[in-house]
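The values are calculated or read from the model by the stated rules, or taken from the named source; none is laboratory data. Just so it is clear, the model here is predicted, and its values are computed rather than measured. We place every Cβ from the backbone using ideal geometry, glycine too, and count neighbours over all the protein chains shown. Remember, those area values only see protein heavy atoms, side chains included, never the ligands or the DNA or RNA. Shrake-Rupley method; radii C 1.70, N 1.55, O 1.52, S 1.80 Å.
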Amino acid sequence: AKKQMIDGNEPSVKVDWNIVIPEYRSWPEDKQEHFAEKIDFSGTQMAHASEYAVLGVLMLGTAYSFCGRSGKKEQIIMLVAGTAYAATDEFHQLFVPGRSCQFRDVCIDSAGILTGIVLFSLIKHQIAKYNEKKKVAKNVKNQGKSLDKIMIRNKLNKRAWERFVLMYDYSQDE
């Protein structure tokens, strides 16, 4: 987190808040500055959380590709590793002039890692579910198995299954 601006210059990117908030120019100068600081702070934190979410996705994807499994153990290890990285990132800021180490930033970065891990896991789960339905649909067509037995064995909802079978294009498998 920034303690203060090192050279005292204004940021290079300015927003005309009058476009977003019409009465902005009528506010006292101290209120305008306070508002701009709050927006800058939250924008910076959102950017950091987003960066760490991407890191979480990449870390978990790498872990899955190397270990061949995709379970909670890998998710927890990646969350701990990502949080450790966030902590070391903040720690090194102690040695940078004009910067400080903030526990709040470690928490925000860790939340980003967790978000990335959850998103990756949800998407991976949906892809696996779709591929399983596709595999079962192909077996039904090729082997003429009873649809009810397959649905019970694979715990599939009958209406969802019928929609899937109707929309699945079998011609692409041949």
Filtering the range 57-72 down to residues that are open to solvent by 90 Å² or more (accessible area, probe 1.4 Å) and not aromatic (Phe, Trp, Tyr), which residue is nearest to Ile108 (Cα to Cα)?
-> Leu58
Find all pairs meeting these conditions: Cβ atoms under 6 angstrom apart; at least six residues apart or on different chains; first residue within the range 43-56 and of a type outside the set (A, V, I, L, M); second residue modelled with pLDDT under 90.
-> none
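Here's a check for you: in the range 73-100, which residue that is in a helix (DSSP H, G or I) and among the polar types (S, T, N, Q) is nearest to Gly61 (Cα to Cα)?
Our first condition is that a residue be in a helix (DSSP H, G or I); within the range 73-100, this holds for 73-95.
Cutting the leftovers down to among the polar types (S, T, N, Q) gives us 75, 83, 88, 93.
Numbers: Gln75: 10, Thr83: 17, Thr88: 22, Gln93: 28 Å.
Restricting to residues being in a helix (DSSP H, G or I) and among the polar types (S, T, N, Q), the top hit is Gln75.
Just to verify a result, which residue in the range 73-108, among those that are out of contact with any strand residue (DSSP E or B) (no Cβ under 7 Å at 6 or more places or on another chain) and among the basic types (Lys, Arg), is least open to solvent (accessible area, probe 1.4 Å)?
It comes out as Arg104.
Can you find a residue in the range 117-124 that is part of a helix (DSSP H, G or I), free of Cβ contacts under 8 Å to residues at least 24 places away in the same chain and surrounded by fewer than 11 Cβ atoms within 10 Å (Cβ to Cβ)?
Pass one, the range 117-124, residues part of a helix (DSSP H, G or I): 117-124.
Restricting the remaining residues to those that are free of Cβ contacts under 8 Å to residues at least 24 places away in the same chain gives 118, 122-123.
Now restrict to residues that are surrounded by fewer than 11 Cβ atoms within 10 Å (Cβ to Cβ): 122.
Yes: the range 117-124 contains one or more residues that are part of a helix (DSSP H, G or I), free of Cβ contacts under 8 Å to residues at least 24 places away in the same chain and surrounded by fewer than 11 Cβ atoms within 10 Å (Cβ to Cβ).
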Filtering the range 22-60 for residues that are modelled with pLDDT under 70 and either hydrophobic (A, V, I, L, M, F, W, C) or within 32 Å of the chain's Cα centre (by Cα) (or both) leaves a count of 2
Single residue of Ala111, Ala128 found to be open to solvent by less than 60 Å² (accessible area, probe 1.4 Å) and either assigned to a loop (DSSP other than H, G, I, E, B) or modelled with pLDDT under 85 (or both) = Ala128
